[in-house]
Amino acid sequence: MEFDYLATVLLSSLASASILLIATIGLAVVFGLMGVINLAHGEFLMIGAYTALTATQAGVPFLLSIPIAVAVTMAIGAVIEILVINRLYGRIFDTMLATWGISIAFYQLAVLIFGTVTPGIGMPQYSIKIGDYNLAGYSLLMIFVAALMGSFVYLLMTRTVYGMKARASIQEPAMARAIGIESSRVNTMTFSLGCGLAGFAGAILLPIVPATPSMGFAFVIKAFLTVVVAGPVTLTGSAIAAIGLGGGASITASFLTSVAGDVFFFLITAVLLWLFPLGITAGWRRKM
Amino acid sequence: MNMLQVLNEKAGLVFPAISILTGLALANSIDPYLAYVATSWVIFGLLGLSLDIVWGRGGFLSLAQTAFYGLGGYFGSVAAINLSFVFGSSVIWSLSVGMISGALIAGALGLIIFYARMGPLQSTILSYTFTLLLWSVSQSFKIRLGDAVIGGDNGMSGIPGIVLAGGTEALDPKGALTFTILVAGAAYFVTYKVMTGTFGRVIDCVRLDIQKTELLGYDVRRYQVLNFAFSGGIAGLAGALFGAWSNYLNPSIFSVQEALLVPIYVLVGGLGTLAGPFVGAIAIGGLSFWLGGGAVGGQTTLILGIVLVLLVLFLKNGVLGALRQGMARLLPDPNEASRNAGAVSIETGDLEGILQAAEEKEGPAKALSSAGLLKKFGGVVPVNDVTLSFEPGKPHSLIGPNGAGKSSFLKTCVGLYKPDGGHVTLGGEPITNATIYSRVHTGMGVKNQKPQVFSELKVRDNLWIAAFSRLRDKRQAHDVATTILDMLGLTEQADVTASALSHGQQQWLDIGMVLCLAPRVVLLDEPAAGMTNEETRELAKLVRILARFTTVIVVEHDMEFVRTLQGHVTVLHQGEVFADGDIDQLRADERVLDIYLGRREHV
Amino acid sequence: MKTRAIKIGLLASVCLVTGVQAEVKIGAIYDLTGGLNIYGIQQNNALKLAVDNINSNGGLLGEQIQVVGYDAQSELSKYTQYVNTAILRDKIDALFAGLTSSSREAIRPIVRKANIPYFYASLYEGGACDKQTFVTGTSASQQLSVLIEWGIRKYGPKIYIMAPDYNFGTISAHWVHEFANQSGGEVVGEDFLALTVTDYAPTIQKIQAAKPDFVVALPVGANQTGFLEQFAAAGLKEKIGVVSTNYGSGNQQVVVSPAAGKELIASQGYFQQVENPANAKFVEMWQAAYGDDTPIVSGAVDTWNAVNLWAQAVSQAGTTDADEVIKALESGMTFDSPTGPVQLSPGSHHLIQTIFVAEGDDNHGFKIVDEFVGIKPTYEDQKCDLIENPDLAKHFTPDQN
């Protein structure tokens, strides 16, 4: 095996893992801090993508369209939390089913509003060369974006008052209430944040994954397998699981077939759950 | 009992029977196209039933039901294609092979899920992964099995319809509907029988409190796997019927949409009602048929999505659940008796009688001992090289300040924690690595700190299920439960739902369940917590009598309670045995006071 | 236990929709909602347009054609259900339905049993063969026979295949190999992708390692656009050509960015840009009815052709009786379609039609660069002769026969 091929495979697999992580972080935050699996996560990604797309079509530069997408998805997320999730607190499977209902409703709404035909915005035509091989620059940029997103969420959770409250609400709910933290408001904030992160992902990935009503399905399955494999220490766990599963699948696909990559992903997920029935971070003492 | 109460008791038999008869009558009078479409709704209802068994009753939301359904369909149809010439019947082969393969595959998956002791979310996700994996693999899976050709995404064609016997002609739509209703009805009644019988009761207990069920001596994982296999069998049966209905199968049967439709059927009809999924499937099938057929370009998906959200929010118990609640309002409140219950007072005579009978049947008390027992959690060592022996005769108390490792030691002896070193023996038998339920069979009885009762079961049934675990005989279990009810003074409350009892009464009920096991060694974890002074006095009396017949170990930090037990006391500190003796000796010991008061020298 | 009331309610509502039996009635079952509705809506629109056109010109056998429409919701079990409903309840005379191969395979046994002419209007992997089924879309071998030769001439002999891992992909890959051999080309690598793949980095690495002259890219729908974006962004378009038989069959050219879509080669039985009088008239009618927001796809024209061919056959037979209509359809029927003249091959029930090669422009459109008139469904004609052997009911695939 030539060295330059190996290097490109590793680099592009890391980029694949980063894309998975970007798509996953919002889900991980909501799961980690609220114990809720948001099956509509993929549709928030889609909403983010469509918002950014609509904004760019209206003449807003792509970079500015990203915060707009975040704001829109956060707002919709907050409304959904207040109307639905709030009433189902502690009923994890009911929440899953309700968010699944939301997901198919959003999907069909997107079909109604945007139709099935919407133009993509294209990837920046910039690539780097390693030996004989080209790599798309924008995909590689995702490695940094994933790292930035991860650090942002980590700092938000450990260094801000909101983060302290959010973690207190999940770890010591009774104590949190006793010292006056309104957990329902914190939850609204957390869910909204999770949706905002999904919106960010949808917008930043728009050049790679064109906006279509069904784009959510493609991501959400792997994203939520990643979160579940990650276990209770969601952020660090998701990063490790995304790199292991996403990167591993990508490397497998590079040397074998793409189908083998997918099978690798699902099989390793099953094996990890067998070995770590509560997720890979179940025994850890870290908190984020 | 008046008519209404009888109807309420037998609702699960009467209404389905009426529905089936009406369905059969209708099947022969409606248009063939409607009979044809309605057949699929009945099949989906059967698929929903399989989920209700494992989710509504077993408490595990499985998203693999469509996998068993699809595999049952494929295997059953391959059998039907190749073997129909034997006996000239397709359904004999497709239904039996579909059912067996569904059950075997579910059983195998269940072994992985339940024996790995996965968390509930992880179990659900793994079942979902299984379905997704099948969907992925089946897209390009091509094989020829005799006359059956499985052609990847092009699926398998030429599946024979319902051919009963001797013929080659498949049943017409009306006949097919009649046959499907009969098969589904039979499956329903078998399920009803199983789920209202002993197996079903244990499954209910597993859902309500799996740990307590195991502490009563049931091999819960075996029950879970069997229940899952049973549900897989029903799903496989439904799949085989589906194959015969559509004459064609393809990988979309494993798709995400299919998988997630099944919980909707169950929720619409009513979780845990068994008949509900049929109501749900017919309602959803009808809605979707009407929307798809009536309004071209209609927004079926949108409507289904919103319906699901509204259902989860506002109709948690589904159609049948809501009906049942309405019916319950017409009946006298069975929990009435819980309100006029007096304070518990133990019938000492009864208790001694029970304990004597237990000793005669189960043999003398057994000693429990640990040697060099070790348990670590990361850097924390809550049980550090503990060697202790507990003999019958006097109550043993384990005391120590918070974090001394008392409860951890108890949990390691019970098997709730796996020890990292050392040995545990019960009556001389090594049980270090034995499962919890086998320890219970050897004679261990455990009562945890919080009251563990099966909230939805009646008080009598709580005791019965405990007694049945030991006796394996319905009659005898009933007698033991009645004796214990009398002893606890809860006879009046026998038909009250356990969750309606007060906290204190639940503690007594829990202790009563432990006594039903006729244990040879009893472990009580802070039994006096949350009890009134009066109750604590009764408890002390009970423990003292108990200790005359069995070995009793009490973990406690209420020193006053420990004193009234007049037994042997061991002090644990930082996971190690710190001091030993009777309570007055220890009270005079400066070192014990030091650790309790947090004074320097021995901390 | 409320089963009863619900059943009766449904019965009542279903009975209400049952109308009076019309003389000429056709069934239309397409995916109007769900993931496949990009295609389904256009097929349904084309069918309505064709029926309206016939009806406004005096109808068929002096009767207006009635359409019974169902939304299959992109779910396979719905096809089975609605086909049976359409046959048992609505007593249709002909059926127009389905997009995916699995929907077609689900339908075929039912129409065969009921003896109803069935028209499948979509490009597909080829090989479907029975007396009642008529295919108006192009088969994989039909398109590839033209495209591979064209690609080798334009780019060079080394070919890389990337295809979805199901029948359409694997069978198409088989034909790529076959036609590459015939035209002096060589397949230097191939990759089959699961339907869930969104990340094409591994495939792109493998393509670079194989150093082909051009790639035959066959993934479906959104997957394809994702691949094309990533391929273009890696800067490979200058070095390696991309050709496809299904690019442009849905909305891909609109979704894909101009940078990625430019100079892509697609071969189809129809592009909206085709220049002939029939197409000019067709496009005008279409845009009058549905606007010009979305480009017309080949599946729409295949449906248009199907309805018109059937109507022609009914007129010729003078009855809607299935056996007579099928006999008429097998008489070498021709039709002046928007794709140019087409002829129904009597033996195989497939269309002899024009295959176009078009190049993507930088404005989400196509420019037709080449056309090949009268391309025969050679493989189907060779395997499937329903005149000689009317009882054939098979699905021929090249790897099994």
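Numerical summary
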{"read-out": "Per-region count, the range B:463-493, residues β-branched (Val, Ile, Thr), out of contact with any Lys or Arg (no Cβ under 7 Å at 6 or more places or on another chain) and closer than 20 Å to B:Lys212 by Cα", "value": "2"}
{"read-out": "Residue in the range A:264-286 that is in a loop (DSSP other than H, G, I, E, B), touching a Lys or Arg at 6+ places or on another chain (Cβ under 7 Å) and of a type in the set (D, E, K, R) present", "value": "no"}
{"read-out": "Some residue of the range B:402-416 being among the β-branched types (Val, Ile, Thr), farther than 18 Å from B:Pro527 by Cβ and touching a Ser or Thr at 6+ places or on another chain (Cβ under 9 Å)", "value": "yes"}
{"read-out": "Some residue of the range C:134-153 being over 15 Å from C:Ile355 (Cβ atoms) and within 14 Å of chain B (Cβ to nearest Cβ)", "value": "no"}
{"read-out": "Test for B:Tyr223: is it out of contact with any Pro (no Cβ under 9 Å at 6 or more places or on another chain), of a type outside the set (Gly, Ala, Ser) and either crowded, with 22+ Cβ neighbours inside 10 Å or under 30 Å from B:Thr39 (Cβ atoms) (or both)", "value": "no"}
{"read-out": "Residue check, C:Glu263 more than 21 Å from the chain's Cα centre (by Cα) and not assigned by TED's automatic domain parsing to the domain that holds C:Glu229", "value": "no"}
{"read-out": "Out of B:Ala79, B:Ala103, sole residue that is crowded, with 23+ Cβ neighbours inside 10 Å and either in contact (Cβ under 8 Å) with a residue 24 or more places away in the chain or within 29 Å of B:Trp290 (Cα to Cα) (or both)", "value": "B:Ala103"}
{"read-out": "The range C:243-260: number of residues that are facing another protein chain (nearest Cβ under 9 Å) and buried (at least 24 other Cβ atoms within 10 Å of the Cβ)", "value": "5"}
{"read-out": "Within the range B:21-34, tally of residues that are within 21 Å of B:Ala187 (Cβ to Cβ) and more than 9 Å from chain C (Cβ to nearest Cβ)", "value": "4"}
{"read-out": "Unique residue being outside any loop (DSSP other than H, G, I, E, B), within 30 Å of A:Leu278 (Cβ to Cβ) and either among the acidic types (Asp, Glu) or within 14 Å of chain C (Cβ to nearest Cβ) (or both) when the list is B:Gly45, B:Gly102, B:Gly70", "value": "B:Gly70"}
{"read-out": "Yes/no for A:Ala52 being more than 13 Å from every other protein chain (Cβ to nearest Cβ) and part of a helix (DSSP H, G or I)", "value": "yes"}
{"read-out": "Flag for B:Gln493 being touching a residue at least 60 places away in the same chain (Cβ under 8 Å) and of a type in the set (S, T, N, Q)", "value": "yes"}
{"read-out": "Number of positions in the range B:476-527 that are in a helix (DSSP H, G or I), farther than 27 Å from B:Glu336 by Cβ and at pLDDT below 90", "value": "0"}
{"read-out": "Residue within the range C:279-293 that is in a helix (DSSP H, G or I) and in contact with a Ser or Thr (Cβ under 6 Å, 6 or more places away or on another chain) present", "value": "no"}
{"read-out": "Helices (runs of 4 or more DSSP H) wholly inside the range B:246-358 that include at least 2 residues being within 21 Å of B:Phe44 (Cβ to Cβ), modelled with pLDDT under 85 and under 31 Å from the mean Cα position of the chain (by Cα)", "value": "B:256-269, B:276-294, B:300-314"}
{"read-out": "Unmet requirement for A:Leu148, which otherwise passes all of (1) within 29 Å of A:Thr190 (Cβ to Cβ); (2) touching a helix residue (DSSP H, G or I) at 6+ places or on another chain (Cβ under 6 Å)", "value": "(2)"}
{"read-out": "Given (1) crowded, with 23+ Cβ neighbours inside 10 Å; (2) under 28 Å from B:Thr425 (Cβ atoms); (3) out of contact with any Gly (no Cβ under 6 Å at 6 or more places or on another chain); (4) among the aliphatic types (A, V, I, L, M), number of the condition B:Leu517 does not satisfy", "value": "(3)"}
{"read-out": "Qualifying residue in the range A:114-128 (condition: touching a residue at least 40 places away in the same chain (Cβ under 8 Å), part of a helix (DSSP H, G or I) and either within 14 Å of chain C (Cβ to nearest Cβ) or more than 25 Å from C:Gln205 (Cβ to Cβ) (or both))", "value": "yes"}
{"read-out": "A:Glu81, sole failed condition from (1) touching a helix residue (DSSP H, G or I) at 6+ places or on another chain (Cβ under 8 Å); (2) at pLDDT below 90; (3) among the charged types (D, E, K, R)", "value": "(2)"}
{"read-out": "Residues satisfying the stated conditions in the range C:175-214, i.e. of a type in the set (Gly, Ala, Ser) and within 14 Å of another protein chain (Cβ to nearest Cβ)", "value": "C:Gly189, C:Ala194, C:Ala201, C:Ala209, C:Ala210"}
{"read-out": "Whichever residue in the range A:218-237 is among the polar types (S, T, N, Q) and more than 11 Å from the chain's Cα centre (by Cα) and, among such residues, is farthest from A:Gly35 (Cα to Cα)", "value": "A:Thr236"}
{"read-out": "Hits in the range B:436-468 (condition: part of a helix (DSSP H, G or I) and surrounded by 24 or more Cβ atoms within 10 Å (Cβ to Cβ))", "value": "B:Arg439, B:Val440, B:Val459, B:Asn462, B:Leu463, B:Trp464, B:Ile465, B:Ala466, B:Ala467, B:Phe468"}
{"read-out": "Qualifying positions in the range C:107-130 - assigned to a loop (DSSP other than H, G, I, E, B) and of a type outside the set (D, E, K, R)", "value": "C:Asn115, C:Ile116, C:Pro117, C:Ala121, C:Ser122, C:Leu123, C:Gly126, C:Gly127"}
{"read-out": "Of all residues in the range B:144-186 being touching a strand residue (DSSP E or B) at 6+ places or on another chain (Cβ under 7 Å) and within 11 Å of chain C (Cβ to nearest Cβ), the one that is surrounded by the most Cβ atoms within 10 Å (Cβ to Cβ)", "value": "B:Asn154"}
{"read-out": "Qualifying residue in the range B:206-215 (condition: within 14 Å of chain C (Cβ to nearest Cβ), in contact (Cβ under 8 Å) with a residue 12 or more places away in the chain, surrounded by fewer than 19 Cβ atoms within 10 Å (Cβ to Cβ) and not hydroxyl-bearing (Ser, Thr, Tyr))", "value": "no"}
{"read-out": "Any helices (runs of 4 or more DSSP H) falling wholly within the range A:153-242 and containing at least 2 residues that are within 14 Å of another protein chain (Cβ to nearest Cβ)", "value": "A:183-204, A:215-230, A:234-241"}
{"read-out": "Long-range neighbours under 9 Å by Cβ, at least six apart or interchain, first residue facing chain A (nearest Cβ under 9 Å) within the range C:215-242, second buried (at least 24 other Cβ atoms within 10 Å of the Cβ) and of a type in the set (D, E, K, R)", "value": "C:Gly226/C:Asp199; C:Gln230/C:Asp199"}
{"read-out": "Meets criteria (buried (at least 20 other Cβ atoms within 10 Å of the Cβ), farther than 21 Å from B:Arg544 by Cα, touching a strand residue (DSSP E or B) at 6+ places or on another chain (Cβ under 8 Å) and assigned by TED's automatic domain parsing to the domain that holds B:Leu463) for B:Gly405", "value": "yes"}
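The values are calculated or read from the model by the stated rules, or taken from the named source; none is laboratory data. The structure displayed is predicted, hence computed values, not measured ones. Using ideal geometry, Cβ is built from the backbone for each residue, glycine included, and neighbour counts are taken over all protein chains shown.
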